[in-house]
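All remarks here apply to the structure that follows.
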Amino acid sequence: MCAAALRIGLTGGIGSGKSTVARCLVELGAGLVDTDAIARELTLPGGAAIEPLRAAFGVAAIAPDGSLDRAHMRQLAFADRAERQRLESILHPLIGQEAERRAALVHGPAIVFDVPLLVESGRWRARVDRVLVIDCNESTQVRRVVARSGWTPEAVEAVIAQQAARAARRACADAVIFNEQLSPAELDRAVHDLWDHWSAGPG
Ligand code: ADP
């Protein structure tokens, strides 16, 4: 008989190394459900979130091509907490439903839910068996995202300020990988060790 797949919620601040760890877990045999990718798909032209968002925020929320006007919504959500919550109250349930639909298609020992805002959204803790937090210093987050994506340091800092504090994220974790001064090989090793530990059974 096949044991139910272990449901792992993977989270971390921007630039912490979350996507790198997700790739490593996939190489080890986990199925991946990427909630950022789901959010993007839901907000493409014809995506399931488009009509609810148009109804809630008006035509200004939708770009001429029929996709969500990301720049407009980002500005609105950054400037006004209530508007951000309204946006999330539409998007998060749709993301959750689609994540479960994709998880049901996974065959394997584990499903990794890559959820950047796991701590912030509050709904995910109860949906997963384990929470894995990837953590590093904020200066390292900034340096990595500047190098990876060509953002300005100020842009990265603005995103960090919107995300959960590192301590809040760690408080929610079953395991933390401190991805600071680790070589890629050492990070890989840390993920392997955790995988072996969690694959060994409950506890
Ligand atoms: P996130 O998904 O959390 O935003 P990524 O996994 O994309 O972060 O990592 C951000 C950048 O930092 C990527 O270019 C990645 O290759 C690099 N990176 C992450 N961890 C390490 C590490 N331990 N050593 C070297 N580079 C790293």
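The values are calculated or read from the model by the stated rules, or taken from the named source; none is laboratory data. Keep in mind that what you see is a predicted model, and the values were worked out from it rather than measured. Don't worry about glycine lacking a Cβ; one is built from the backbone with ideal geometry, like all the others, and counts go over all protein chains shown. We work out accessible area using only protein heavy atoms, side chains counted, and drop any ligands, DNA or RNA first. Shrake-Rupley method; radii C 1.70, N 1.55, O 1.52, S 1.80 Å.
Side notes on the structure shown:
- Our summary gives the chain a relative contact order of 35 percent, counting only alpha carbon pairs under 8 angstrom and 6 or more residues apart.
- By definition, a body whose alpha carbon gyration tensor gives a ≥ b ≥ c is oblate when a/c is 1.5 or more and a/b is not larger than b/c, and segment 1-45 fits this oblate description.
- FRET efficiency, 1/(1 + (r/R0)^6) with R0 30 Å, evaluated for V26 and Q85 via beta carbons: 0.40
- Remark: the A126-A55 segment gains 22.6 nm on full extension, using 0.36 nm per residue and subtracting the alpha carbon distance.
- Cα gyration tensor shape of segment 119-187, rounded if a/c is under 1.5, else prolate or oblate by comparing a/b with b/c: oblate
- Sum of -39500 (n - 2.57) over DSSP H runs of 4+, divided by residues of the chain (222 nm, nearest 500): -16000 deg cm²/dmol
- Full extension of the segment from A168 to R101, taken as 0.36 nm per residue of separation minus the current Cα-Cα distance, would add 21.2 nm.
- Solvent-accessible area per residue, Å², over the chain with all protein chains present [probe radius 1.4 Å]: 52
- Portion, in percent, of the accessible area of the chain that falls on carbon or sulfur, probe 1.4 Å: 56
- Dipole magnitude of the chain, debye to nearest 20 (Cβ charges: Lys/Arg +1, Asp/Glu -1, about Cα centre): 260
- Top of D80, D34, D135 by mean-square fluctuation, Gaussian network on the chain, Cα under 10 Å: D80
- Taken about its Cα centre, segment 36-107 carries a charge dipole of about 100 debye when Lys and Arg each add +1 at the Cβ and Asp and Glu each add -1 at the Cβ.
- Shape of the chain, Cα gyration tensor, a/c cut at 1.5: oblate
- Hypothetical label at S149: residues of segment 10-47 whose amide nitrogen lies under 15 Å (7 Å Cα-Cβ projection): 12-20, 35-40
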